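A short worksheet on the structure shown next.
The values are calculated or read from the model by the stated rules, or taken from the named source; none is laboratory data. Treat the numbers as computed from the prediction; the structure is a model and nothing was measured. Because the Cβ atoms are built from the backbone with ideal geometry, glycine has one as well, and the counts that use them run over all protein chains shown. For accessibility, only protein heavy atoms count, side chains too; no ligands or nucleic acids. Shrake-Rupley method; radii C 1.70, N 1.55, O 1.52, S 1.80 Å.
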Amino acid sequence: MVSNLPPVIAIDGPTASGKGTVAMRVAAELGFHYLDSGALYRLVALASEKEGISVDNPIALGSLASGMQIEFKDGVVLLAGRDVSEAIREEKIGSRASQVAIYSEVRDALLTLQRSFRQKPGLVADGRDMASRIFTDAVLKVYLTASVQARAERRYKQLIAKGISARMNVLLQDLQERDARDTNRGTAPLQCVEGAYLLDTSNLSVDQAVAQVLSWYAELRNQL
Ligand code: CDP
């Protein structure tokens with residue numbers, strides 16, 4: 001059945017795989033909207049920390065997630081009207097995000113919001129469960145990954161470039177812990193779904209990765 005809904009390109013993958021950068025570039029090339037679903041889990045992490053809600057309280061986290069006032073405007077993320085674009089990018093918030101993301105209460109609360117990003121002319125969505133749960137009818141599903149060493153090096157460079165001190169061994173361990181939490185959780189675990197195109201970017205530049213996704217999309221679009 002051909003869908004009348006705007007097309008979606010789903011890009012899933014583990015932490016620090018570079019999927020955000022690739023997804024954003026692909027969206028810009030195609031003039032599509034972009035959903036950074038990880039930012040939503042980071043917002044829950046930040047808001048719950050500020051409100052003193054424990055990461056062990058799924059009910060309170062779920063109700064917080066469904067009541068959050070969020071706005072994405074020109075690359076700026078607003079939470080209840082306050083610019084939190086930088087605060088949600090902190091490492092400790094990323095780590096906390098992967099802890100709150102294990103709960104179905106939190107994930108269900110964010111479902112409708114994520115689907116509302118599907119607008120004309122199309123959407124590029126990045127996350128862990130874009131292909132497996134949120135946009136199961138995505139035209140193109142990409143599983144974007146890289147070796148754990150390559151991902152830790154990328155994260156290290158990113159942090160140093162931002163003037164934030166970092167240690168490789170600590171980053172490696174944190175990455176492995178997040179991988180384990182994302183892959184082993186019962187609700188919407190990170191997975192490479194059937195039909196997804198595997199893109200290992202360990203030895204690819206961002207330009208090459210973007211070109212590959214665009215070429216897969218062009219091929220599939222021609223078949224529609
Ligand atoms: O930057 P990084 O790839 O580490 O994370 P992110 O994409 O900003 O997402 C932060 C956390 O939210 C991840 O570690 C996941 O545990 C969780 N997440 C998720 O469970 N499902 C999604 N669709 C997106 C993120």
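Summary of computed values
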{"item": "Options GLN158, GLN223, GLN191; residue that is open to solvent by 70 Å² or more (accessible area, probe 1.4 Å) and over 21 Å from THR21 (Cα atoms)", "result": "GLN223"}
{"item": "Any hit, region 181-188, residues being within 12 Å of the ligand (Cβ to nearest atom), open to solvent by less than 70 Å² (accessible area, probe 1.4 Å) and touching a strand residue (DSSP E or B) at 6+ places or on another chain (Cβ under 9 Å)", "result": "no"}
{"item": "Residue that is closer than 16 Å to SER17 by Cα and either hydroxyl-bearing (Ser, Thr, Tyr) or within 11 Å of the ligand (Cβ to nearest atom) (or both), where the choices are ASP200, ASP207, ASP174", "result": "ASP174"}
{"item": "Single condition ALA80 does not satisfy, out of (1) of a type outside the set (D, E, K, R); (2) open to solvent by 40 Å² or more (accessible area, probe 1.4 Å); (3) farther than 30 Å from ALA166 by Cα; (4) within 10 Å of the ligand (Cβ to nearest atom)", "result": "(4)"}
{"item": "Per-region count, region 96-108, residues in contact (Cβ under 8 Å) with a residue 60 or more places away in the chain and more than 10 Å from THR187 (Cα to Cα)", "result": "3"}
{"item": "Number of the condition not met by VAL124 [criteria: (1) within 13 Å of the ligand (Cβ to nearest atom); (2) in contact with a helix residue (DSSP H, G or I) (Cβ under 7 Å, 6 or more places away or on another chain); (3) closer than 15 Å to LEU35 by Cβ]", "result": "(1)"}
{"item": "Region 122-151, subset under 17 Å from ARG25 (Cα atoms) and of a type in the set (D, E, K, R), residue surrounded by the most Cβ atoms within 10 Å (Cβ to Cβ)", "result": "ASP126"}
